[in-house]
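Note sheet for the following structure.
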Amino acid sequence: MATSTRGRLRGRLGWELGIVLALSYGASGITAIVAIIDRVTRETALAEQTATLNRSLAERPVFDLVYQLLSFAFGLAPVALVVYLLWRRGRPHLWRLGLSPRPGASPRWWLGECGGGLLLAAAIGLPGLAFYLFGRVIGINVAVVPTALDAYWWTVPVLILSALRAALGEELIVVVYVFDRLRRIGLGPWTVTLLSALLRGSYHLYQGFGGFIGNVVMGVVFGWAYRRWGRSLPLIVAHWVLDIVSFVGYPLAVALWPSLFPAPGGSAS
């Protein structure tokens, strides 16, 4: 009876996991796989193609802003779903999400975790940038344009919100939720870490094979950190900082190193 109950639970968790991923990064991964097949079968070399992340959604600035904010809000729906699924009835409600303070923690507990996130961002960011440039040189990466938005008063805040959406989504779904469900299904820690990392790499395939490899490595590091600390806040902070630097700092990078970073709209996408 107990074995049958565990089997039904695993089956239910498997279906739930599949549905959540179909609504979020599993769908993105499949789309990215199709995208990379499309890219490598073109006459244009992979290194001569571009991928733009944050682009204008309307010609008129006010409607562009409205669409950007709607995209941010609705983009958090899968995050809200996993928060609901992992919510604990008793306090601390966010314990399974790695966002509640530990018992007896200092009121400033979040400072240490944010500091850990900044260190993690530095450890990932510089080698990641070097690997991206190396991938461009050897032709396994497309040119990634983090933003092609025009300069308005709301451009930087919208880019910061876009970075936050990516950080919350990827770390709470791809790490916290996937780890919880795969462990409850019965997979071992390193198998769970590797599957989570491969998922992270899959939906970055639109950037090229270098983007896939780099994000798999990032996924392994983040997965190891999550297993060690049991906390998601440092991962969210690290990811948010990395994307803010990438999105907001890109125009400066284009101005300083135009040969390394293409101007928005300058190449075929």
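What follows is calculated from the coordinates using simple rules that are stated; it is not laboratory data. The structure presented is a predicted model; accordingly, all values stated were derived computationally and were not measured. Note that each Cβ is placed from the backbone with ideal geometry, even for glycine, and that neighbours are counted across all protein chains shown.
Taking a ≥ b ≥ c as the square roots of the Cα gyration tensor eigenvalues, with a/c under 1.5 meaning rounded and otherwise prolate when a/b beats b/c, else oblate, which class fits region 58-144?
oblate
Using a ≥ b ≥ c from the Cα gyration tensor of region 129-190 (square roots of the eigenvalues), is it rounded, prolate or oblate, where a/c under 1.5 gives rounded and otherwise the larger of a/b and b/c decides, a/b for prolate?
Judged from the Cα gyration tensor, region 129-190 comes out oblate (a/c at least 1.5, b/c at or above a/b).
Kindly provide the helix-only [θ] at 222 nm of the chain, computed as the sum of -39,500 (n - 2.57) over DSSP H runs of four or more divided by all residues, to the nearest 500 deg cm²/dmol? It would help to have the intermediate numbers written out before the result.
Numbers: 10 runs with 174 residues, N = 269.
Value at 222 nm, helices only, nearest 500: -22000 deg cm²/dmol.
How far apart, in nm, are the 7 Å Cα→Cβ label points at residue 133 and residue 27?
So the two model labels end up 3.7 nm from each other.
What Kirkwood hydrodynamic radius, in Å, does the chain give when the mean of 1/r is taken over all pairs of distinct Cα atoms and then inverted?
Across the chain, the inverse of the average 1/r is 19.8 Å.
Using a ≥ b ≥ c from the Cα gyration tensor of region 97-239 (square roots of the eigenvalues), is it rounded, prolate or oblate, where a/c under 1.5 gives rounded and otherwise the larger of a/b and b/c decides, a/b for prolate?
oblate
Would you pull out the residues with amide H under 5 Å of residue 51's amide H, same chain only if 5 or more places away, H placed 1.01 Å from N?
The list, which skips near neighbours in sequence, is 143, 144, 145.
Given an 8 Å cut-off on Cα distances and at least 6 residues of separation, report the relative contact order of the chain as a percent.
Values: 329 pairs, mean separation 84.7, N = 269.
Contact order relative to length: 31 percent.
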